[in-house]
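The values are calculated or read from the model by the stated rules, or taken from the named source; none is laboratory data. The model shown is predicted, which means the values in this text are computed figures rather than measured ones. Reconstructed Cβ throughout: ideal geometry from the backbone, glycine too, with neighbour counts over all protein chains shown. Calculation scope for accessible area: heavy atoms of the full protein, side chains included, ligands and nucleic acids excluded. Shrake-Rupley method; radii C 1.70, N 1.55, O 1.52, S 1.80 Å.
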Amino acid sequence: MIINGVSIDDTFAEAFGMRGIRLIITAYNETWALNSANAMTGFATSVIACGAEAGIERVLSPAETPDGRPGVSVLLFAVSSKELIKQIERRVGQCVLTSPTSAIFAGLEEGDPVPLGKTLRFFGDGFQTSKQIAGKRYWRVPVMDGEFLVQDTARMVKSVGGGNFLVLADTQVQALEACEAAIREMRKLTDVVMPFPGGVVRSGSKVGSKYKALSASTNDAFCPTLRGATKSELDERIGAVLEIVIDGLTDASVKKAMEVGMREVCKIGAAGGIRRLSAGNYGGKLGQFQYHLREILK
Amino acid sequence: MSVIKLTGGRVIDPANGINDQVRDIYVKDGRIVAALADGDKVSAEYNVSGRVVMSGAIDMHTHIGGGKVNIAREMLPEDHRGDPVARTEVTRSSCGYCAPGTLAAGYRYAEMGYTSCFEPAIIPMNARQAHMEMGDTPIVDTGGYAMLGSDDFLLRMLVANEDQKSINDYVAWILHSTQTLGIKVVNPGGISAFKFNQRKLDLDEQNAYYGVTPRRIIQTLTRAVHELGVPHPLHVHASNLGVAGNVDTTLATMEAAEGRPIHLTHIQFHSYGTEGDRKFSSGAARIAEAINRHKNVSADVGQVLFGQTVTASGDNMSQYRNAAFASPKKSAVMDIEMEAGCGVVPFKYKDQNFVNALQWAIGLEIFLMVEDPWRIFLTTDHPNGAPFTTYPHLIKLLTDRSFRNAMLDTINPDAKAMSNLAALEREYSLYEIAIMTRAAPARILGLTDRGHLAPGAAADIVVYTENADRERMFEKPDLVFKDGELVVRDGKVVKVVRGNTHVVKPEFDRGIEKKIEPYFRRFHSVRMNNFKISDDELCECGGGSKLIPHACGKRS
Amino acid sequence: MTNEASSTVVTEVACPFCGLACDDLSVDTAGEALAVVGGGCAKAQAGFARLGVSHDGASARVGGQPASLEAACAEVARRVKASAQPVFAGMALDVGGMREVMELADAAGGVVDHLYSEIGWRSTRVVQDVGYVTTTLAEVKNRADLIVLVGTDVVSKASRFFERYVWNDEAMFEPAPAARRIVYLGGGLNTAAGQSPDGRAADVFDFDRARMPEALSTLNALLAKQPVSEAAPLGIELARWQALVEALRAAKYSVLVWMAGDFEPAQVDLNINAIMSAVRALNVTTRSNGLGLGGADGELNASMVHAWQTGYPMRTSFASGIPLYDPVHNGTARLVEQGETDTVVWISALNDKTPPPPEAKVVIAPPTLKLEHEPEVFIPVSTPGVHHVGHFFRGDKGAALPLRALRATRLPSAAKVAAAITAQLKEVSA
Amino acid sequence: MSALVLALRNAPAQRVDVGSLNPTALAGLSLADIAALTLSVGKRTVRVDDLFELSGDDSSDVVFRGDCSKLERIGAGMKSGRVTVDGDAGAYVGQGLLGGDIVVKGSAGAFCGTGMKRGRIEVTGDVADFAGAAIPGDMKGMAGGLLLVGGNAGERLGDRMRRGQILVSGNAGDYCGARMIAGTIAVAGKVGAYPGYLMKRGTLILNALPAQMLPGVVDCGSHRLGFLSLLYASWKGLPGPFGALDASACTVRRYMGDMGVSGRGELLVRGG
């Protein structure tokens, strides 16, 4: 399959079942909502070392938030319910509770309960109070700028992490600009985040390593500088490869994001130095989800 | 003159060694007679062939009257709302599940085949009220035990090292003045200690003011009761009620009696060890072994059964501590008249709660491991462990091992694991149940004309249809006679009579009043003469109850 | 029961004319009226004098005309039988009288309501809602080192409180009675009795007693080591409140005394709740107790008997055949005002001063009771502790005193009248 | 189907417990069954059709007509459905309510909504003393749901209230929120003396404080409290002034108390 001169590999992205959640952070203004959200979703690129993968889903207008203030919705993903609960407790505790004027609410109505204020309330040292409003419980924790308002319980759902595609281009700059264009469009979608910095990752990995301590190591087959020295996947024209990783609340949202991103890359086409689209997988042995590129772009 | 004949019943009368023999019983003017005299004409004959006949049951430890019980009634309107007793042609309306009104209590006791009930904790100053409440408890005979041991008069006598004879005189004077049947000691000296802000008192720990130890109080009072010839041994609610590890205190308390008769009450609450992860374990085996070995010791169990109840005790030191566990969250604690105190704490025993479930198992373990049914009594310490209306259920637990084990499987699994109940194979026979609920209580209280069916006994008689389901059998007797009157038919009161009041009148030297009278004038709130209850007054308090004195054979 | 055969003075008489039920009275029975010659107080003297005559000439009346006791009882039975909802009110009775009225009320499907129940139910609510930590008079007499009188002077209603239980010659424990510390919370009280024998004046926190919630709120906040909103609550420097709190903490056996009837009616249970809150806070480290005094006019006789027989406190309706407790709605005044009762039976053997409500169709009371209206049935009764023996619960619930028969009379007791009506009622039923 | 109408033939002289005549208890009963149920009127036992004229057939929608001020426990314990009172109701309206709606088009007696856990009670007129409060001996009063009062409330509004919301368009009497454990009470008019006496937790939202305040209720200053915007938004459209509040106007003066009994309750004075 070739689209606008871009060759689409007959392969698939291999993604994993994860636990995901949406939270809504509000603040006095958008800046402070973003400050909190950025901190909370920072250092959350890969579950391998960060415990969670997270990102800002979108900015919300006052009309869209529970308390009528500017807000941001964020998505967080982790490999298990237990880990997600732990990550939320830490990240909300350190990055939202601490952030001036902030409040935080559940962004999903359905799913399994995740303690939010239920555990954070104890920061109030007995001065915390709860309120039940329209069937939902909230905690009010006294802090130095007033009260930190936090919903007692949020909901998490089964979701998908690790949707991806690889952009193979003539040069590093061409690969990067194509990815930037893809990310711009993908960020208009809901239910997904691209957890790496700027949404793009260069350090694709393979399973295993020559070093016993490491379970993953650089994907040498896609490293252009090793083209002659290893069993390379790259022909001589490819000068750089970049990857976009997608975590989404649903299978469909990940698929949709991959499609939007890949089509944007294809628009640039061979004329812009884009040669191939490929995807990372583990031979289909590890992940429950497989996204076949050619099927998505059919 | 009325003559009644019960024809062809299967009589179970352990006091007279009769086990399931078919016999006719004749009742003449309220008393059992061997046969009819010439000219006697049977006015009512009941064919009870095939049915089980026993004497009326006796509850030797049930909180049915006195200040703390009335506080419990007042405290718990929510208890009563769901449990009314409707007015009928013969009965009045009343209500209450765990803290029933006296009317409800009397009717329900009679409807379960109980014909005598004894209030075990009468604060001497409160004896009038206790007798009034018992007097308003219809049908059943009543009586009570006067509480001593934290009263300042006795403690002062001990400090002054007064001789045992004087103490015996004081104890006898209390029995006469309060019109009671025995002496009870509750957390010996501990109620007094609580007034001096002591929050615990071990058997050999000194009262902060008097320096007197619980051991000395028990020694002195067991001796006094024994020497006065009071049939019922000192009735002891031991120190450290409910405290993990109190099994040691309880065993030491048995020793403190120095071989004299002693009755340990609601011993389940005093049989706790400190083993296991939660530092709470069963001490039942050690307690049962000690009772089996010490023939001077008897005990009633104070079985816990699951559900809502209220705990009412003279032990305000313990009850102040227990108030933290009140459910619903309310409690009354009182210091009372330089004599004692009381504490009322509602409580809900939960089968999934480790401690409650183990308490349940410990009580049953004690029942099953104490070998002699003449020295272990069937009580729930109403209402502390459960309301008395649960007795038929308790009887089923004791008589039906498979039922018991099925229940055991439903309780808190950690508690089950800590109990050896499943290994106990004993099933009480009807004969043994008759001992522990009739013959033995009558004997230990000195009630010579109750608890048996020989000629001369009062005609307190119960007729049951045998049912393999002992709970069904015992909750609804076919017939209950009280002093020869048919009061219950098919588990419902058909006639209301007034029970008698049982008392003891040991001999003593009235000269003791020369010491007591000035004490009252100096320190008490009433005059001595207004404290004492005369025979006439007792009958008035009892609303016309007949006074039945029981003999005391002086032993010193 | 006389000192010597020739004396007409009876000693160690218990007095049924207030909740203290002092039992050290000497009463001379020689005259037409009974005379208190030892112990006692003005109220006792007046009570024994007024009621302590034989009243043998008094007769029952039906429709204002003299009638036999039997006829009068039958008429009452007929009326309560026909009534849609009878109320038995007054209830200034001894235990025996109350016992019989209870049987009557149940048989009649009525409601029983003591003349103080409007306060009483609110007071009872405390044990129902939170319970209490309390003590009794003999304990106060021997142990109390700090007595705080909350909104009451006690003596206006129970005059010998200090004489008999505070300023005694000796106590069993420290301190000596004369060293006791007395504090009054509230102004307008008769604080003279609180002055110690050696002339130490009581510590009076003088404020409008309707503002008692403010005082108790202050005390509880300070006991909990929490702030209060004012520098001088109720116009009294915070330092004085703080000093009182320190004294309570330091006391070995403090006693907080109240009389429910001395609180604003709407505040009764809340104020006692607040007192109990303070007492419980103190008991964490020391001993402190409440002492609620009441019991005048047989209030406790009525409430105790009612509770033990039926399980419920007063203001319980027996109309439907099972007891239904509703103290808010079963008060006599309300039932009358709302037209829910057609028959008020006023029964009072101890009180001949409180007039029955004008709606009372039946009055069973001492012949000395002044009636503004002639009821449809009037039955004169004797008085317990004067004409017949009986029992009386003291206001601290610590004791039930035996009452003596000091003066013969041909009048029946209230118990006897109630029993006669019940018997008649059952006749009517049968 | 049309609403089951229970029209009083004559107002009874005594209070009558009609708690059993609610949609949950009547479900599945025929009109004849309902007519034959019995009630106690004083000492008399009467059939439902002695007391009421019955019409309609939808027992999930019960309407009481006539002077119902002696009828007690209207709608008590029901789980769903609707009960309407065309006029005044007696005491204990909606006692222990578990769901559904009760509308009193008039005033209600004492202890309105006591022990209710869910559902909604709307009283267009006044409620007497102890609305949303615990009955003697109960550990909690209202325990959930919504009580809307169009007129005034008596003393001890929400006494021992444990959860839920009470909105009073008019005034409330003395000791509003006494012994409150949790929940929210809002009063648009004035409140009487000593609000929050022995209050442990919970929220009173007031327009002004009365002159008589407890020293144990302390001023914590003026603040914007975010939860109020959620609360006000949840009330949007309710009858009365609370249905029209500006959700963003959530700056209040905050008082805490009663400090002697945990002191975690709050009195929020609007516009503070």
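Give the value in nm², to one decimal: projected area of the alpha carbon convex hull of segment C:310-430, averaged over all directions.
Computed as one quarter of the Cα hull surface, the answer is 9.5 nm².
Expressed as an acute angle from 0 to 90° and rounded to the nearest 10, what is the orientation of the C-alpha long axis of helix A:251-268 relative to the principal long axis of chain A?
50 degrees
So, in chain C, how many Lys pairs have Cα atoms under 17 Å apart, if the pair is 8 or more places apart or on different chains?
Close lysine pairs found across chain C: 11.
Per DSSP H run of at least 4 residues, take -39500 (n - 2.57); add these up for the protein assembly as shown, divide by its residues and hand me the 222 nm value, nearest 500 deg cm²/dmol.
So the helix-based figure for the protein assembly as shown works out to -7500 deg cm²/dmol.
Could you order B:277, D:61 by accessible surface area, starting with the largest, using a probe radius of 1.4 Å?
B:277, D:61
Treating each Cα of segment A:223-265 as an identical point scatterer and ignoring solvent, apply the Debye formula and state log10 I(q)/I(0) at q = 0.25, 0.28 Å⁻¹.
-0.81, -0.91
Between segment C:135-205 and segment D:129-170, what's the alpha-carbon centroid distance in Å?
One Cα centre to the other: 40 Å.
Listed highest first by mean packing, meaning other Cβ atoms within 10 Å per residue, what order do A:204-217, C:109-122 come in?
So the peptides A:204-217, C:109-122, ranked by packing, come out C:109-122, A:204-217.
Using a Cα-Cα cut-off of under 20 Å, which lysines could be cross-linked to residue B:28, ignoring same-chain neighbours fewer than 8 residues away?
Partners within reach: B:5, B:41, B:482, B:495, B:546.
So how far, in whole Å, is the C-alpha centre of segment B:314-369 from the one of segment B:444-517?
Result: 28 Å between the Cα centres.
If you count only protein heavy atoms and use a 1.4 Å probe, how large is the accessible surface of residue D:43, to the nearest 10 Å²?
The accessible area comes out at roughly 60 Å².
If I take every Cα pair under 8 Å that is 6 or more residues apart in segment B:411-556, average their sequence separation and divide by the length, what percent do I get for the relative contact order?
Details: 142 pairs, mean separation 22.4, N = 146.
Worked out over segment B:411-556, it gives 15 percent.
At 0.36 nm per residue, minus the direct Cα-Cα distance, what do residue B:529 and residue B:47 gain on full extension? Give it in nm, one decimal, please. List each step's numbers first, then the result.
Details: separation 482, 0.36 × 482 = 173.52 nm, distance 5.27 nm.
Additional length available on full extension: 168.3 nm.
Summarise the partner chain shielding of D:193-200 as one whole number: the mean count of Cβ atoms from other chains within 10 Å of each residue's Cβ.
On the way: counts 7, 8, 0, 1, 9, 10, 0, 0.
Mean inter-chain Cβ contacts per residue within 10 Å come to 4.
Over the Cα atoms of segment A:18-157, what is the Rg over Rh ratio if Rh follows Kirkwood? Working shown, then result.
Working: Rg = 13.7 Å, Rh = 14.6 Å.
Reported Rg/Rh (Cα atoms, Kirkwood Rh): 0.93.
Excluding same-chain residues fewer than 8 positions from residue B:165, which lysines have a Cα within less than 25 Å of its Cα?
B:184, B:505, B:514, B:515, B:532, B:554
Compute the acute angle (0 to 90°) between the alpha-carbon long axis of helix C:95-108 and the principal axis of greatest extent of the alpha-carbon atoms of chain C; round to the nearest 10°.
Between the helix axis and the principal axis of chain C, the angle is about 60 degrees.
Run the simple label-point estimate for residue D:220 and residue A:82 please: 7 Å along Cα→C-beta, distance reported in nm.
Simple spin-label model gives 3.7 nm for this pair.
In what sequence, largest accessible area first, do C:427, B:227 appear using a 1.4 Å probe?
C:427, B:227
Once you compute Rg and the Kirkwood Rh from C-alpha atoms, what is the Rg to Rh ratio for segment D:152-272? Provide the component values of the computation, followed by the final result.
Working: Rg = 12.9 Å, Rh = 13.8 Å.
In segment D:152-272, Rg relative to Rh is 0.93.
With the Cα gyration tensor of segment C:37-195 in hand, give its eigenvalues times 5 under a square root as the equivalent ellipsoid semi-axes, listed largest first in whole angstrom.
For segment C:37-195, the ellipsoid semi-axes come out as 42, 22, 14 Å.
So for each of A:113-120, D:125-132, D:73-80 I average, over its residues, the number of other beta carbons within 10 Å; can you give me the resulting order with the highest mean first?
Order by mean packing, descending: D:125-132, D:73-80, A:113-120.
Could you report the protein assembly as shown's accessible area per residue, 1.4 Å probe, as an integer in Å²?
Working: 52270 Å² over 1556 residues.
Per-residue accessible area for the protein assembly as shown comes out at 34 Å².
If Lys and Arg each add +1 and Asp and Glu each add -1, what is the summed charge of the other residues whose beta carbon sits under 10 Å from the beta carbon of residue A:12?
-3
For the protein assembly as shown, what is the convex hull volume of the alpha-carbon atoms per residue, in Å³?
On the way: hull volume 337.9 nm³, N = 1556.
Output value, Cα hull per residue: 217 Å³.
Suppose we look only past 16 Å in the calculated P(r) of segment D:1-66. What percent of the Cα-Cα pairs does that tail hold?
Numbers: 839 of 2145 pairs.
Roughly 39 percent, rounded to a whole number.
How big is the Kirkwood radius of segment D:147-202, worked out from every pair of different alpha carbons and given in Å to one decimal?
10.5 Å
Quantify how strongly other chains surround peptide C:218-227 by giving the mean number of their Cβ atoms within 10 Å of each of its Cβ atoms.
Partner Cβ neighbours, averaged per residue: 6.
Could you grab the relative contact order for chain B? Cα pairs under 8 Å, six or more apart, rounded to a whole percent. Intermediate results must be reported in sequence, preceding the final value.
Details: 1384 pairs, mean separation 111.9, N = 556.
Taking the mean separation of contacting Cα pairs over the length of chain B, I get 20 percent.
Out of the DSSP beta bridges found with both residues in segment A:18-157, what percent are antiparallel (nearest 5)?
95 percent
List the pairs from B:330/D:117; B:348/D:140; B:68/B:330; D:105/D:190; B:350/B:492 whose alpha-carbon separation is above 26 Å, in the order I gave them.
Table pairs above 26 Å Cα-Cα are B:350/B:492.
Given R₀ = 41 Å, what would the calculated FRET efficiency be for residue C:7 paired with residue C:204, taking r from the Cβ atoms and rounding to 0.05? Present the calculation step by step, with values, prior to reporting the outcome.
Numbers: r = 44 Å, r/R0 = 1.07.
Computed FRET efficiency for residue C:7 and residue C:204 comes out at 0.40.
Once you have the Kirkwood Rh of chain D from its Cα pairs, apply Stokes-Einstein at 25 °C and 0.890 mPa s and quote D in µm²/s.
Calculated translational D: 131 µm²/s.
Using the beta-carbon distance between residue B:278 and residue B:199 and R0 = 22 Å, what value does 1/(1 + (r/R0)^6) give for FRET efficiency, to the nearest 0.05? The partial results should precede the final answer.
Values: r = 22 Å, r/R0 = 1.00.
So, using R0 = 22 Å, E works out to roughly 0.50.
Of all the accessible heavy-atom surface of the protein assembly as shown, with the other protein chains kept in place and a 1.4 Å probe, what percent is carbon and sulfur?
50 percent
Starting from the Cα of residue A:285, draw a straight line to each of the aspartates and glutamates and keep only those under 16 Å, dropping any in the same chain fewer than 8 residues away.
Within the straight-line limit of under 16 Å, residue A:285 reaches these aspartates and glutamates: A:14.
Efficiency by 1/(1 + (r/R0)^6): what FRET value for residue D:65 and residue A:225, r their Cβ-Cβ distance, R0 = 60 Å, to the nearest 0.05?
0.10
Taking only the C-alpha atoms, wrap a convex hull around chain A and report its volume per residue in Å³ as a whole number.
About 138 Å³ per residue, rounded to a whole number.
Using only protein heavy atoms and a 1.4 Å probe, report how much of residue A:125 is accessible, in Å² to the nearest 10.
120 Å²
Compute the normalised compactness of segment B:487-556: alpha-carbon radius of gyration over 2.2 N^0.38 Å, N being the residue count.
1.63
If you average the C-alpha positions of segment A:265-279 and of segment B:183-206 separately, how far apart do those two centres end up, in angstrom?
91 Å
Can you tally the net charge around residue C:37? Count Lys and Arg as +1, Asp and Glu as -1, for every other residue whose Cβ sits under 14 Å from the Cβ of residue C:37.
After counting each charged neighbour, the total is -3.
Where does chain B land on the Kirkwood hydrodynamic radius, alpha-carbon pairs, in angstrom?
Mean inverse Cα-Cα distance, inverted, gives 23.5 Å.
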